[in-house]
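Visitor: Shown below is the structure under consideration.
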Amino acid sequence: MLKYQNLLLKIILETLHLINFTKNNYIMKTFSLILIFIALGLVVFNATLLDFNHFFGEGNKIAFIGIIASFCAVLVLLIFRMSKIIEQKTKNQ
């Protein structure tokens with residue numbers, strides 16, 4: 001069990017190391033794109049859970065919350081990417 005915990009900790013620390021934006025800009029862009037696509041996939045998945053016959057029913061609340069949360073995640077990731085682009089442009093000047 002301890003072996004798996006150490007492996008998991010090592011994976012988490014390596015992932016956090018990959019988010020070092022000055023050295024691994026390509027990896028950061030790829031990682032953020034992957035997260036954006038996952039969030040958009042969750043939007044599509046939650047849209048399939050909507051019941052259009054009972055649109056304001058009890059079952060649709062979870063799907064609405066999932067769609068809104070996924071759109072928020074996409075928005076935050078896009079803002080993050082734009083801030084990194086602005087940061088790089090100001091460093092190069």
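Visitor: Which whole-Hz ³J(HN,Hα) couplings does the stretch 68-84 yield from phi under the Karplus relation 6.51 cos²θ - 1.76 cosθ + 1.60, θ = phi - 60°, glycine and proline marked x?
Guide: Coupling constants for the stretch 68-84: 5, 5, 5, 5, 5, 4, 4, 4, 5, 5, 5, 5, 4, 5, 5, 5, 5 Hz.
Visitor: Label points 7 Å out from Cα along the Cβ direction at residue 91 and residue 40: separation in nm?
Guide: Using points 7 Å along Cα→Cβ, the separation is 2.7 nm.
Throughout, read-outs are computed from the coordinates displayed, never taken from laboratory work. Values in this document were obtained by computation on a predicted structure and should not be read as measured data. FYI the Cβ positions are ideal-geometry reconstructions off the backbone, even for glycines, and counts take in every protein chain you see.
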